[in-house]
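Following: one structure in structure tokens, then a few remarks.
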Amino acid sequence: MNNSQILLDEIQRIIGRSTLSNLSSATAACDLFEVYVFTLILEAAEREGAVLRFEDVRGRIPPSRYFFRTSPGHIFSTEHDYTHAIIQFQNAPILEAHVGVKISGRSGVLHECDVAVLFRDEAISCRQGRVVPRYNKVVLSVECKFYATPIPLHQARSFMGLLTDIPNGDDRFFVVNTHSSNAEKMLAYHRKNWEHNLAPYAPDYVNKLRTAFEKKFANFKAKHA
Amino acid sequence: MNEQEMIKLNADLQRMLNDLGLGWINEQVNEQVRAGKIVTKEVQMFKEVDAEQLSLAGSYRPSGRPQQMIGVEPYTPEEQLQMLLDAIEKSMTDVAAMKEEIASFFRGQDSEQQPAPSQIVLDQVEGQGTITLSLEENVDEERLTQQLHRLIAQLRAEINS
């Protein structure tokens, strides 16, 4: 056996013992990334003074397992006891944060938001009525992309297209764990909110994004004070 | 390592990832390979020449200074191999770090009224299976990641030898 083969066998053994080996699809890895971004949003809300709670789709405190819905999912789905967060600021409407919910766009077409923060009264109405939240009730949404390689340009193009149907000022973000000078060039040119190289070991990027989320929550509070 | 050996190592690595159920990493790398490498080149521009002037229809001749243009070139076998190794390192490092960060966030939310979860469940597509990740599991992901970095560094040294 040559040296490369020995190294390859050892690499296989190491990866096989890691969390990565549980993620047998790109979607699964992206789902984990969405949950990570969800926690960053909640941290930002907390830093702005919010009280956080978690509940499932039936309004109960979730037990020891938190279910996160991924694409495509409806806010009213009871397929599992999906978990969402309740964000409560003083003297402001209560918000909910969700992973992987569909919302209705301006055209009436449904789109998925990887992570979305919306008014709780809208969320409750949608769960009761088994309908989809409206785009203008989503105060913050993030399109999350997890890639092992530089992100393909078509992902940024899709995001740009999505924005035409779910516009809401500059409260929509495009966040990736990797980079692509082409995608970034296009998003920067069109003045869209984006962040790249997002990973827990890259504190500069994490802080920049969390600060942007904090600013959104600060504006939300000011608007409703 | 010569080009043929690099191509073989690339195939072996891709097979290993498929065996581990991580074929999506191969797909992403292959997508990038297919898209090619964006390069800026200086290109001599040509201008259509008056056909009557040269009594030749459809003639073109070099005109003016060369221009900077965008082109696409294929990746070399070595670049393809390095991209695959980068992708393996990136995905393992990021997944391990994210899982730890998520677990740490939920541990920080632990209270009497709302105990921290011990697991998160990712529902891939509604009704089509789930992936459960334990947030308490005592797997030393950081140590595994460091081992992977060391092994891949050794593999890169083999490639450059």
Matching option when the condition is surrounded by 15 or more Cβ atoms within 10 Å (Cβ to Cβ), at the interface with chain A (Cβ under 8 Å from one of its Cβ atoms) and at pLDDT 90 or above, among B:14, B:32
B:32
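Take residue A:176 and decide whether it is in contact with a Lys or Arg (Cβ under 6 Å, 6 or more places away or on another chain), under 21 Å from residue B:28 (Cα atoms) and modelled with pLDDT of 90 or more.
Values: in contact with a Lys or Arg (Cβ under 6 Å, 6 or more places away or on another chain): yes; under 21 Å from residue B:28 (Cα atoms): yes; modelled with pLDDT of 90 or more: yes.
Against the criterion (in contact with a Lys or Arg (Cβ under 6 Å, 6 or more places away or on another chain), under 21 Å from residue B:28 (Cα atoms) and modelled with pLDDT of 90 or more), residue A:176 qualifies.
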Would you mention how many residues in the stretch A:69-89 are in contact with a Gly (Cβ under 7 Å, 6 or more places away or on another chain) and touching a residue at least 24 places away in the same chain (Cβ under 8 Å)?
5
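Restricting attention to the stretch A:105-146, which residues are in a strand (DSSP E or B) and either among the β-branched types (Val, Ile, Thr) or in contact with a Pro (Cβ under 7 Å, 6 or more places away or on another chain) (or both)?
Our first condition is that a residue be in a strand (DSSP E or B); within the stretch A:105-146, this holds for A:110-119, A:134, A:138-145.
Hits for the stretch A:105-146 are A:112, A:115, A:117, A:118, A:119, A:138, A:139, A:142.
Which of the residues belonging to the stretch A:9-62 are in a loop (DSSP other than H, G, I, E, B) and more than 8 Å from chain B (Cβ to nearest Cβ)?
A:48, A:49, A:50, A:57, A:58, A:59, A:60
Scanning for something within 14 Å of chain B (Cβ to nearest Cβ) and not in a helix (DSSP H, G or I), does the stretch A:161-169 turn up at least one residue? Walk me through it before giving the result.
Kept after step one, since they are within 14 Å of chain B (Cβ to nearest Cβ), are these residues of the stretch A:161-169: none.
Within the stretch A:161-169, not a single residue is within 14 Å of chain B (Cβ to nearest Cβ) and not in a helix (DSSP H, G or I).
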Could you tell me how many of the residues in the stretch A:63-92 are surrounded by fewer than 18 Cβ atoms within 10 Å (Cβ to Cβ), at the interface with chain B (Cβ under 7 Å from one of its Cβ atoms) and either of a type in the set (S, T, N, Q) or out of contact with any strand residue (DSSP E or B) (no Cβ under 8 Å at 6 or more places or on another chain) (or both)?
1
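Does residue B:109 satisfy the criteria of being surrounded by 15 or more Cβ atoms within 10 Å (Cβ to Cβ), at the interface with chain A (Cβ under 10 Å from one of its Cβ atoms) and without any contact (Cβ under 8 Å) to a residue 24 or more places away in the chain?
On the way: surrounded by 15 or more Cβ atoms within 10 Å (Cβ to Cβ): yes; at the interface with chain A (Cβ under 10 Å from one of its Cβ atoms): yes; without any contact (Cβ under 8 Å) to a residue 24 or more places away in the chain: yes.
So residue B:109 passes the test.
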Condition first: out of contact with any Pro (no Cβ under 8 Å at 6 or more places or on another chain), of a type in the set (Gly, Ala, Ser) and crowded, with 19+ Cβ neighbours inside 10 Å. Can you find one or more residues in the stretch A:33-46 that meet it?
yes
The condition from (1) buried (at least 16 other Cβ atoms within 10 Å of the Cβ); (2) under 18 Å from residue A:123 (Cβ atoms); (3) not aliphatic (A, V, I, L, M) that residue A:22 misses is numbered (2)
Within the stretch B:97-104, can one find any residue that is modelled with pLDDT under 95 and either assigned to a strand (DSSP E or B) or among the acidic types (Asp, Glu) (or both)?
yes
Residue A:95 touching a residue at least 12 places away in the same chain (Cβ under 8 Å), crowded, with 17+ Cβ neighbours inside 10 Å and within 18 Å of the chain's Cα centre (by Cα):
yes
Only residues in the stretch A:16-45 that are in contact (Cβ under 8 Å) with a residue 24 or more places away in the chain count as the first member; pair them with residues that are among the hydroxyl-bearing types (Ser, Thr, Tyr) and assigned to a helix (DSSP H, G or I), Cβ under 8 angstrom, at least 6 apart or cross-chain, and list the lot.
A:29/B:91; A:44/A:211
Check whether at least one residue in the stretch A:14-30 is modelled with pLDDT under 95, in contact with an Asp or Glu (Cβ under 9 Å, 6 or more places away or on another chain) and more than 21 Å from residue B:133 (Cβ to Cβ), and report yes or no.
no
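The values are calculated or read from the model by the stated rules, or taken from the named source; none is laboratory data. The shown structure was predicted, so the numbers you read here are calculated from the model rather than taken from an experiment. Glycine also receives a Cβ, built like all others from the backbone with ideal geometry; neighbour counts cover every protein chain displayed.
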